[in-house]
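Note sheet for the following structure.
Each reported figure results from applying straightforward, stated rules to the coordinates on display, with no laboratory input. Predicted model only: the values in this text are computed from it and were never measured. Here the Cβ positions follow ideal geometry from the backbone for every residue, glycine too, while neighbour counts run over all protein chains shown.
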Amino acid sequence: MSNFFDERLKQRGQLQSFSVGRKIRVGTKSVSKRAREAGQANPAIAAILKKVDAGQVSFKEAEKQLDQLGCKNPFYPRNTEEFHAHPWDMGVGSAAITEQLLSLYGEMREGDTKPKLYRFPVVFPEVGGKIDSLIKGGLSVQGGGPNTIRYWSDYDDSGARVCKHLPPVVAHDKAQRDNKKPLRKPERQPVIRGLCDTATCMEYASGVCRFNGTVNFYIHGIAGAGVFQLATGSTQAATDIYLRLSEAIRATNGQLTNYDQKGRPLFWLTKVKVQRPYFDAESNAKVSEQWVPDLEMQIEMPKVLWLRQTGALPELAAPKSPIIDALPVSAAPSAWVQSADMSTGEILVDHNSANSPKPEANQNIQPGHSVPSSTPQGVPSGAMKNQDDVAAMKGHAADYGYADDLAIWIGGRFNGDEKLASETWSQLVPRFGEKTKDYVGILAFCCSNNIDGGLVLKYFRTIFGPMGSGAKILEMRNRLEQICEDGIAVAIQVMEDASSNAPGH
């Protein structure tokens, strides 16, 4: 049944069944050389650019202010490896939402000076299998001034792609005669310009009309009304996301599943570098490299299809209340497995601390269940699928030479309970792979020397930044052993001083 709101959304070309409250950007903008030079000559321009560099003003607002000062086209688009969650795109909560996103999912990779958003889990709204509400794509006129006609592509009742636009605003005669009242813009209905044929379209040929795709989702751990939206100008990237979502919907009988039976998210957005062909101004074929969004699916599709055929597909249904503590570290940043004390930053999955909660038996991966992604690097083929967790843990430790450290960790942290230790280990190894050796080595070192693991991790975060996927674990282990050479008491003092002097402490 139609209603006022459906009609209004249709007029505006918005057919989704939910509101968009926040945006994630796939790229960013940089200040042009000309604008920098203008800033050197004009203090007012320099002040605005300083706010831009500090993230205190949006590019759109800064561009308006700079335009009034005679500085035209001050920014240019820049493709980046990471996503961008600007405070001005976060709606209610703004800077706090950006900070929370980076706290949960931020990573520091080689060359970074602060955490960046490289990868994060997404939860798709319930749309009854209507994938067009989750991801949309089409051609539309972008940019231009206030007099630019905003053409966009759509499909008519016959399925043909057509070009639509809103007609010019014509005020009502009576409203024009009454100068004492403001003119009301009448409701406009989209009109069809003709078929959308890119081969003959001047707007498309000149680059004014181009592809724009959007993906709508929630982000686990971020509260608030409305969905997040990510826009991309990459036709191939959007097509790949569309195909993967379609595949997931078909495999689950039209009911898109966001979590596995243990409450772990199945979909993650990241970026991959690809080569894209294009033509320059002289019509010469060129190839460039770009970072484009990519949808990861943390699930074995053959297993899903098998469950579907055997009638056991409900096993993959989302739990009523996903258990965050049960998330395997392979699929979740370490912030998801923090203790209740958020002031300590990124907490070790488990550490030798009186305040560290002991893992509960019903909150961990049960023996015999495999991780729903492919076997990670550093895990012996078939170890996590064909053996129970204890055997897999011992086998991995023997293969990678950390059996002694493993024994110390099990004895000190779990009072020798191998089963309990294997449940936590099964969360570590998918994330760290062969680097699990050094991670367990850190845990064993803390156990042997009665060092609070929470303090150790606060120190690591201060010196190295968030742990991410563990690229610096070996360096962290070496640093810990180095500062302990003069005695444990001295090392503890060093770590406490470094942590207390960290910015934002």
Check: Per-residue HN-Hα couplings for the range 448-465, Karplus 6.51 cos²θ - 1.76 cosθ + 1.60 at θ = phi - 60°, whole Hz, x for Gly and Pro?
Finding: 5, 10, 6, 9, 5, x, x, 5, 4, 5, 4, 5, 4, 5, 5, 7, 10, x
Item checked: residue 294 long-range amide H proximity, modeled H, under 5 Å -> 270, 271, 272
Notebook entry, point to check: Around residue 122, which amide H atoms from residues at least 5 apart in sequence, or from another chain, sit under 5 Å from its own amide H, with H modelled in the peptide plane?
Noted result: 267, 268, 269
Margin query: Suppose each label sits 7 Å from its Cα in the direction of the beta carbon; what would the residue 73-residue 496 distance come out to in nanometres?
Written below: 6.0
Next item on the list: Determine the gain in length on full extension of the stretch residue 131-residue 54; use 0.36 nm per residue of separation and subtract their C-alpha separation, reporting nm with one decimal.
Entry: 23.9 nm
Next item on the list: Starting from the range 228-296, pick out the trypsin sites (Lys or Arg not before Pro) whose DSSP state is loop and whose Cβ has at most 16 other Cβ atoms within 10 Å.
Entry: none
Next item on the list: Multiply the residue gap between residue 399 and residue 169 by 0.36 nm, knock off their C-alpha separation, and tell me the result in nm, one decimal place.
Entry: 75.5 nm
Check: Arranged from highest to lowest average of other beta-carbon atoms within 10 Å per residue, in what order do the peptides 131-142, 157-168 appear?
Finding: 131-142, 157-168
Margin query: Using 0.36 nm times the number of residues separating residue 4 and residue 94, minus their current alpha carbon distance, what extension gain do you get?
Written below: 29.3 nm
